[in-house]
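S.K.: Once you've had a glance at the structure underneath, I'll fire off some questions.
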């Protein structure tokens, strides 16, 4: 089986063109979408941390109120 040098060179050029086009039009968009998604996740995690802290404060306040009421009833 003979390897045609023209075919090999043409396939290499086609492959390089494909890589260029994918990088130019597809990869940049995918990277941007992934970066945006990462920012959204980070923001939601921060919001969840704030909500957790608020819930802990509220829980502690409710415990204090319960203890005060128990002392009054005893």
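Read the figures in this text as sums done on the coordinates, not as results from a lab. Here the structure is a predicted model, which is why all the values come from computation and not from measurement.
S.K.: Which residue, 44, 29, 63, has the most motion in a Gaussian network model of the chain that connects Cα atoms within less than 10 Å?
M.R.: Per the Cα network of the chain with a 10 Å cutoff, 63 tops the list.
S.K.: Starting from the Cα-Cα distance between residue 2 and residue 22, subtract it from 0.36 nm times their residue separation and give me the gain in nm to one decimal.
M.R.: 4.1 nm
S.K.: On to the next question. Any chance you could give the angle, 0 to 90 degrees and rounded to 10, that helix 5-21 forms with the longest Cα principal axis of the chain?
M.R.: 30
S.K.: Running a GNM on the chain with Cα contacts under 10 Å, which residue among 19, 33, 41 ends up with the highest mean-square fluctuation?
M.R.: Result for the chain, Cα springs under 10 Å: 19 fluctuates most.
S.K.: To continue, here is another question. Provide the three semi-axes, in whole Å and in decreasing order, of the ellipsoid equivalent to segment 1-51 as defined by the square roots of 5 times the Cα gyration tensor eigenvalues.
M.R.: Equivalent-ellipsoid dimensions as semi-axes: 46, 10, 4 Å.
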